[in-house]
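Written below as structure tokens is the structure these notes are about.
The values are calculated or read from the model by the stated rules, or taken from the named source; none is laboratory data. Just so you know, these numbers come straight off a predicted model, no measurement behind them. We place every Cβ from the backbone using ideal geometry, glycine too, and count neighbours over all the protein chains shown. When the accessible area is computed, the model is the full protein with side chains, heavy atoms only, and any ligands, DNA or RNA have been set aside. Shrake-Rupley method; radii C 1.70, N 1.55, O 1.52, S 1.80 Å.
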Amino acid sequence: MDDDAVAGVTGFVQIARPRELTARWRAELIACWTVVANAGGAVVPLAFPVPPVSAEQVAPAADELAAGLAPDRGRLLLATVDGTLAGWLVVRRELHPLIRHWGVVNHVQTHPGFRGRGIGSALLRRARGLATDMGLEQLHIGVRAGLGLEDFYRRLGWAEVGRWPGALRLAPGDDRDEILMALDLRAAG
């Protein structure tokens, strides 16, 4: 049995162009993003107000994300369980010529109804192949300290490469480090 089956993932959908994001997947993406943000997930982009957020507030960020998709520049990866969106992430290529060989993983999310089943791990394992297909050699991610996320990524082969102390202010008196992590795809198995 493969790791994805163990995690309960019954399918993956890769979206590489804006037109590939169907109305159904758009609605499920917005619903997932809304519930994850409201549950305290570290997935709040600049366009969002401070949670709690509504689907109407999340929709413009989802549309902006979709507009930036292109096979060589950015791809959305959805994990499904019995046809329902269980989690998702985005892999984006850095466009500057000096760093075009690496990409960034953003918005790693598991719907709270599917947490604890390995959906996030399955997504990140699948993202390796997606990134390699895009011609990337290295992936980067920034994670919020205080949630144990760095341990989760370490178990999947990522390495901490730095920190921005106190970079994230969640509330007055609640500053968190942003932990910078990297995955060398040439060495990752």
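Numerical summary
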| quantity | calculated |
| --- | --- |
| Residue, modelled with the lowest pLDDT, within segment 1-19, restricted to residues that are over 21 Å from residue 59 (Cβ atoms) and in a helix (DSSP H, G or I) | 6 |
| Flag if residue 22 is of a type in the set (Ser, Thr, Tyr), modelled with pLDDT of 95 or more and within 16 Å of the chain's Cα centre (by Cα) | no |
| Residues of segment 143-173 classified as within 14 Å of the chain's Cα centre (by Cα), under 18 Å from residue 44 (Cα atoms) and of a type in the set (A, V, I, L, M, F, W, C), total | 2 |
| Matching residues in segment 82-91 - criterion: being touching a Ser or Thr at 6+ places or on another chain (Cβ under 6 Å), open to solvent by 10 Å² or more (accessible area, probe 1.4 Å) and assigned to a strand (DSSP E or B) | none |
| Segment 92-121: number of residues that are part of a helix (DSSP H, G or I) and more than 12 Å from the chain's Cα centre (by Cα) | 6 |
| Residue list for segment 45-67, restricted to those being touching a residue at least 24 places away in the same chain (Cβ under 8 Å) and open to solvent by less than 30 Å² (accessible area, probe 1.4 Å) | 58, 59, 61, 62, 65, 66 |
| Criterion violated by residue 109 - all others in (1) open to solvent by 30 Å² or more (accessible area, probe 1.4 Å); (2) closer than 26 Å to residue 8 by Cα; (3) in contact (Cβ under 8 Å) with a residue 12 or more places away in the chain; (4) of a type outside the set (A, V, I, L, M, F, W, C) satisfied | (1) |
| Top-ranked residue in segment 35-44 [being of a type in the set (Gly, Ala, Ser) and outside any helix (DSSP H, G or I); ranked as surrounded by the fewest Cβ atoms within 10 Å (Cβ to Cβ)] | 40 |
| Some residue of segment 157-176 being under 23 Å from residue 14 (Cα atoms), surrounded by 14 or more Cβ atoms within 10 Å (Cβ to Cβ) and either modelled with pLDDT of 95 or more or not small (Gly, Ala, Ser) (or both) | yes |
| Residues satisfying the stated conditions in segment 122-140, i.e. in contact with a helix residue (DSSP H, G or I) (Cβ under 7 Å, 6 or more places away or on another chain) and either open to solvent by less than 50 Å² (accessible area, probe 1.4 Å) or part of a strand (DSSP E or B) (or both) | 122, 139 |
| Counted residues, segment 72-98 - those being more than 22 Å from residue 27 (Cα to Cα) and out of contact with any strand residue (DSSP E or B) (no Cβ under 9 Å at 6 or more places or on another chain) | 4 |
| Test: residue in segment 50-59 that is of a type outside the set (S, T, N, Q) and either under 15 Å from the mean Cα position of the chain (by Cα) or under 20 Å from residue 126 (Cα atoms) (or both) | no |
| Scan of segment 20-34 for residues that are open to solvent by less than 30 Å² (accessible area, probe 1.4 Å), under 14 Å from residue 64 (Cα atoms) and part of a helix (DSSP H, G or I), ordered by number | 29, 30, 33 |
| Residue within segment 69-78 that is of a type outside the set (Gly, Ala, Ser), touching a Ser or Thr at 6+ places or on another chain (Cβ under 8 Å) and outside any loop (DSSP other than H, G, I, E, B) present | no |
